[in-house]
Structure formats: structure tokens, C-alpha cells
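Step one of this worksheet: look at the structure below.
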Amino acid sequence: MTEPDDSPWPGDEPDEQLHSPTTEPEQEEVNALRAALAERDGLLEAERTASRQLVERLREALLATEPDVEPELVTGETLEEVEASFVQARALVQRVRERVSREAPIAVPAGAPGRAGLAPRTAFEKIRAGLTER
């Protein structure tokens, strides 16, 4: 969303000689119209500010639902743009997850391998176990 240009339109420069109200009622009407225009401009700016805040709140809410999505990937100045970029970012995260799961090696348990049997407890059992292994 681009900000409006506050400069007058080409050829829109006030020419007091050509457009100057000739009577008091015309001057009052011009002043009333200018006041109404200024009020509308204020309302328009307030709506733009509210819209930007809503877009930012939507972006934050979407990012909170999917913490793996990088915030830099979700951009846009309108609700539709933010939603579309979020869908693309979420699809990217899903593709990365799938690729990583396909490339992941077979899980090997950590630590030392389990022992084959119980070790003898008494000295006599230890001697017997040692002689039978030979």
C-alpha cells in the first residue's frame, strides 16, 4: 500500500483570479467543503493506520500458529498479501521437513550396547565363568 502524494494535481494550482468566490455565500460554501475534505482526510488516515495495525496483528497471529516459519518470509501490506505469503512460507517449511525426513539416517540408539548376560556374582562363579570361556 503506497502513501498518497500530498502534492496537487498538475494544473491544480489555485488560481485566485479564476476560481475566487465572488459572494459571501460562495466563500462559506468553499470553506465548508474544505473543512469536510480535511475531516475526510483525517478519517482516511485513521482508517489506514487501523488497517496497518490489523495487518500486523494478523501476521503475528499467523506466525504464532507456525513457529517454524521465519518471520521474514511473511510479508505484505494487505490482509490478502500476508495470508498468501504465509501459505507459501508454510509450504516451504513443509517441503524442508519432508526432505530432511527422507535424508535422515536410520536411528541408532546412543550409548554402549546392552550386555549379553548377567555377570557372575561370587568368586566361585567368576572362576567357573572364566574357565568355561577358554
Exercise. Mind listing just one residue for me: the one in the range 57-108 that is assigned to a helix (DSSP H, G or I) and among the small types (Gly, Ala, Ser) and, of those, farthest from GLU47 (Cα to Cα)?
Key: SER101
Quiz prompt | Considering residues of the range 3-40 that are within 30 Å of ARG52 (Cβ to Cβ) and of a type in the set (Asp, Glu) only, the residue modelled with the highest pLDDT | solution = GLU39
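The values are calculated or read from the model by the stated rules, or taken from the named source; none is laboratory data. Just so it is clear, the structure is predicted and the values come from calculations on it, not from any experiment. Neighbour counts are summed over all protein chains in view; Cβ atoms, including those assigned to glycine, are modelled from backbone coordinates with ideal geometry.
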